[in-house]
Structures are given as structure tokens and as C-alpha cells.
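**Q** Input: one structure, supplied below.
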Amino acid sequence: MMRIQFLGAARQVTGSCYLVEVDGLRILVDCGLFQEREYAARNWKPFPVYPGRLDFVLLTHSHLDHAGLLPKLVREGYSGPIVTTSASQDLIEIVLIDSARIQEEDAAYKRKRHKKEGRKGPHPEIPLYTVEDAEKCLPLIQPVRYGEDVALNGNVTARFHDAGHILGAAMIELEYRRNGTTRRLIFSGDIGQWDKPLVHDPSVFREADYVVMESTYGDRDHDAPGDVENLLCDAINQAVKAGGNVVIPTFAIERAQELMYHLSRLVREDRIPYLMMFLDSPMAVDVTDVFLRHREYLDEETHALFREGEPPFRFPGLKLVRSVAESKAINSIRGSCVIMAGSGMCTGGRIKHHLIPNIARPESQVLFVGYQARGTLGRLILDGKEEVRIHGRIYPVRAGVSQIQGFSAHADRSALLKWLGFIKTPPKRVILTHGEDGAIRSLAEAVRSRMGWDTVVPEYLETLELD
């Protein structure tokens, strides 16, 4: 008997975390941070399962909503292996240390601000976890290769397959053998798009008994891939003509590198004027170094650029920014520039410091190139709020606001159905997670009506029995 409990990403996008119990093992697949404001309190609660009783953690990839609670898990008692790919291992170190520093800085800032204002916030004025907590996770990570069999015990095997999402991202296949019978449980992780730059296409499966699949874009399709560079080009040229800046909230992993890929093409093809472009994110700079160290994960088109002397992460006008002093100096530049900074949903980091001088300027553009979860500052801006609160102050939103969907590292509705369609024998059950309520229900109805497959949408903390 297999049993799975949904400890996160159930009828919401973030906090991916699933407890699988099979053959006496207790396996945690992902351990993600809750990033939607309405669910943030869950980050502070004790884990629904005591971490000391877990046998394995299997990690699909390094994004915070899949790995961001690992330091808390280890601090509360987990001491077993954390299994993931080698590229993810390198990225996780960057992501968790950066997240811990932000937790510490935000806690210190809130203590200072709340003391000055004589009030308390909804969460403790202490970091959710510290840099020391994050560092204690790192020795537990055990890297594996795509396709390698990882024996969890005599009857249960795990395999990691390329998800085509970000560098090192994986789909996880759990195979359970008992009395001559085999059951396969597939965790899709975050499914990438086909024909995207930098990484390979997502892996597909011919058979599966159970599929736990993401549904982030389950109710819509992205812009056509060919439109991405045109839209990016138009946004930059519009801001330059008006004398403003282009401010791009940027995820440090994959999105920053993909942006540089497209910007390098626009520069080399003279489709945009020469101007300074800043990647203002020490974390994104470190992640770019990981890309260069793990070129085996990159696709052939990207390898060809390196061979031809046109590396996508170096081009005229690009400045990689690490120091705080350099970051502050950007906002004193006269003339237009492109500012890429984290965090990608404007929940913290340097992007807020660049929004403050630009968001009230009609000449400037705020360009979103990634998903904005409900309740985040990025989502509020994208949804057309006339005023937003940044660092305790209210600012009017007068800058142009737009979004390019084609940058997404997630498969859209059509691609999700395409991915499922490779499975030739109907699974016993398709389980949809990692999506907002409308998206997840829309995809569930499509799977039921088009394929006739048993499809369920679990609630938070719900447990499903799998025969």
C-alpha cells in the first residue's frame, strides 16, 4: 500500500511538499516555502510530520517554493539524505544561504520599523531560519545523475529525469515492487516548455500508475515563443524613447540567464540602442557561474553559442552587480537603463529599491517575466493596483506595467496536456497540485473530458491511499 499526504501546493502554487509512505519508508518529496501572503503563517508552524521520523528527502529542484523550508526541516530534527541532481546541489547552496540572509535582514528591519511605529506584525520578528541553519543542510545533500537508480530499500527505487524547467530540475519516478507487481508513481515537479533556450525539453513517460502533476498554467497558454524577443524589444525601445527605465523583477535561477540570452541577441542584432543593462543580484551572478560549471545540462543550441564566441551571458552594455554600493549607484544614472533584480515576485531583495524611484514615473516600464503568486507585491502591481506599499510607504503606480508570459519556465495548458498524452496506458489516477484554484480545476476538467482519466484535486493536508 502506498499513501501520499499533501503538505503544500494543494490548491495553491507554492509550498510544494508531499509525504509518501510506502513499504515502511517515509519519503518527503520537496520541502517548499509558502510564498503567498495568505499562507505565509504555515511557514512558522511545526511540520505536520516529525522530521526525525523521515527516511529520505527527494528534491525536484532548487526553487524556494520547492526547497525553501529545508533549513527548518533540518533544525527540527531531520538528519537523513537529501537526494537531488548535482546542478541542483550547487544551486541549493546559493538559494538557501541567500534566503537565510534575507530572513535575517528582514527580521532586523521589521524589529526596527515596528519599534519605531509601536506595532507588531503578523509573524515573529525573528528569522524563519538563519544562515547557520541553512549551512547545516548542505552536508546532507547527495547528488545523483538523470536516469540513475537510487535504491531507497529492497523494494523501492527512485529515478530522476530531466524536467526541462531550470538547470538541474527533475521529475521523480518512484517504483515500488512487491510480490511480482510493480507500481510507478511520477512526481512531475515543475514541467518545462518545449523548445526553450538553455535547457533540454522535458522528459516524458510511456507508463505510470499514478501521476502527481503541477498545474500552474492549467487554464491558459503562453504567448507564442517567437513573440518573447519582440515584446522585450518593444518594452525597452518604448522606455528609451520616453526617457525612462525598464525595471524587470527577475528570478535568479533560469529567468535571469534566459533574459541575458534574449538581450544578447537583441544587442547583437542592433534591435535596441546601446544602453547599460544591470543584473543587480549577487545570487543571480552566482547562479550564472553554476550554469558555466554545469554545461552538460545545457542544450545544443547554447553549446553552439559558446563555440561561436557569442556566449549568452556576456555582451556589450551588460554589468553584473554584486556590491550594495554598485546597486545604489544604479538609481543615480541619468538616461535610460535596464535593471534586472530580484526577487522575481517583488517579495524582497533589491528589486524594491529600484521600484521606489521608478514606479511613480510614467516614463518607466515595470516588466514582469515570470509568474506572480496571489498576494505578492508583484501580483498587486500586475493586477492594476493604483497604490502599493513598499518598505512601509505608499507609492502611486504610474509606470507602465506589462508581462511577457512566454518567458515562463512552466509548461502552459497545451504543453501540460501534451506531456500527459505521452502516457499510453491510462494511469489509475492523475493528481493535480501546484496551481491556483481556477487553473487547477480547469486542467482537471480538461483531463477528465479529453482523456477520460480519473483526476483528483487534493486539499491541504489531505491523504490519498494508493493501492
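Taken together, the values in this text are just the output of simple stated rules run on the coordinates, not laboratory data. Every value quoted in this text rests on a predicted model; they were computed, and no experiment measured them. When we count neighbours, we look across all protein chains shown, and the Cβ atoms used for this are built from the backbone with ideal geometry, even at glycine.
**Q** Compare the Cα positions of CYS17, HIS354, THR84 along the charge dipole of the chain (+1 at Cβ of Lys, Arg; -1 at Cβ of Asp, Glu; about the Cα centre) and return the one farthest towards the positive end.
**A** HIS354
**Q** Using alpha-carbon pairs under 8 Å, 6+ residues apart, how would you state the relative contact order of the stretch 227-407 in percent? It would help to have the intermediate numbers written out before the result.
**A** Numbers: 318 pairs, mean separation 57.0, N = 181.
Averaging sequence separation for qualifying contacts and normalising by length gives 32 percent for the stretch 227-407.
**Q** By count of other Cβ within 10 Å, fewest leading, how are CYS137, CYS337 ordered? Before the final figure, lay out the partial values.
**A** Working: CYS137 25, CYS337 21.
By the 10 Å Cβ count, ascending, the order reads CYS337, CYS137.
**Q** From the cross-link list LYS45/LYS319; LYS136/LYS385; LYS72/LYS112; LYS196/LYS319; LYS110/LYS328; LYS72/LYS110, which pairs have alpha carbons spaced over 29 Å apart?
**A** On the way: LYS45/LYS319 41 Å; LYS136/LYS385 41 Å; LYS72/LYS112 24 Å; LYS196/LYS319 24 Å; LYS110/LYS328 21 Å; LYS72/LYS110 21 Å.
Exceeds cut-off: LYS45/LYS319; LYS136/LYS385.
**Q** Which lysines have a Cα lying under 25 Å from the Cα of LYS428, excluding residues fewer than 8 positions away in the same chain?
**A** Cα-Cα hits under 25 Å: LYS418.
**Q** Among THR425, THR182, which comes first, then next, by fewest other beta-carbon atoms within 10 Å?
**A** Working: THR425 9, THR182 12.
Placing the least packed residue first, the sequence is THR425, THR182.
**Q** Another one. What percent do you get for the relative contact order of the chain when only Cα pairs under 8 Å and 6+ apart count?
**A** Numbers: 1027 pairs, mean separation 91.5, N = 467.
Over the chain, the number comes to 20 percent.
**Q** Okay, next question. Would you kindly state how much longer the chain becomes between SER79 and TYR50 on full extension, computed as 0.36 nm times their sequence separation minus their alpha carbon distance, in nm to one decimal? Each step should come with its number before you reach the end.
**A** Details: separation 29, 0.36 × 29 = 10.44 nm, distance 1.17 nm.
Stretched fully, the SER79-TYR50 segment lengthens by 9.3 nm.
**Q** Have a look at the DSSP beta bridges in the stretch 164-232 and tell me what percent are antiparallel, nearest 5. Don't skip to the end; give the middle numbers.
**A** Numbers: 7 of 10 bridges.
Antiparallel: roughly 70 percent of the beta bridges in the stretch 164-232.
**Q** Once amide H atoms are placed 1.01 Å from N in the peptide plane, what residues at a sequence separation of 5 or more from GLY348, or on another chain, have their amide H within under 5 Å of its amide H?
**A** SER343
**Q** Can you tell me how the stretch 227-407 classifies by the Cα gyration tensor, rounded, prolate or oblate, using a/c under 1.5 as the rounded cut? If you can, show how the numbers build up before the last one.
**A** Numbers: a/c = 1.69, a/b = 1.50, b/c = 1.12.
It comes out prolate by the Cα gyration axes.
**Q** Given the rule -39500 (n - 2.57) for each run of at least 4 DSSP H residues, summed and divided by the residues of the chain, what is its mean residue ellipticity at 222 nm, to the nearest 500 deg cm²/dmol? Write down the numbers at each step before the final one.
**A** Values: 13 runs with 139 residues, N = 467.
Computed mean residue ellipticity for the chain: -9000 deg cm²/dmol.
**Q** Let me ask something else. Could you pull out every whole DSSP H run in the chain that spans at least 18 Å of Cα extent along its own axis and averages -0.5 or higher on the Kyte-Doolittle scale? Present the calculation step by step, with values, prior to reporting the outcome.
**A** Values: long enough: 86-117 (46 Å, -0.95); 227-242 (22 Å, 0.22); 255-268 (20 Å, -0.46); 437-451 (21 Å, -0.18).
Once both thresholds are applied, what remains is 227-242, 255-268, 437-451.
**Q** Tell me, how many Å apart are the Cα centres for the stretch 187-265 and for the stretch 141-160?
**A** 29 Å
**Q** Taking a ≥ b ≥ c as the square roots of the Cα gyration tensor eigenvalues, with a/c under 1.5 meaning rounded and otherwise prolate when a/b beats b/c, else oblate, which class fits the stretch 36-98?
**A** Working: a/c = 2.06, a/b = 1.15, b/c = 1.79.
The shape class here is oblate.
**Q** May I ask you to list the aspartates and glutamates whose Cα is less than 16 Å away from that of LYS424, ignoring any residue fewer than eight positions away on the same chain?
**A** GLU207, ASP209, ASP454
**Q** With the contact rule set at Cα under 8 Å and sequence spacing of 6 or more, what percent relative contact order holds for the stretch 152-211? The partial results should precede the final answer.
**A** Details: 119 pairs, mean separation 19.6, N = 60.
In percent, rounded to a whole number, it is 33.
**Q** Quick one: 3J(HN,Hα) in Hz for the stretch 376-393, Karplus 6.51/-1.76/1.60 with θ = phi - 60°, rounded, Gly and Pro as x.
**A** Residue by residue, the stretch 376-393 yields 7, 4, x, 5, 4, 5, 5, 6, x, 4, 6, 9, 9, 9, 10, 6, x, 10 Hz.
**Q** Here is a further query. For the stretch 358-406 and the stretch 285-313, what is the separation of their C-alpha centers, rounded to whole Å?
**A** The stretch 358-406 and the stretch 285-313 have Cα centres separated by 31 Å.
**Q** Only counting other Cβ atoms within 10 Å, I'd like THR84, THR463, THR181, THR130 sorted with the fewest neighbours first.
**A** Working: THR84 28, THR463 12, THR181 7, THR130 17.
Least crowded to most crowded, the residues run THR181, THR463, THR130, THR84.
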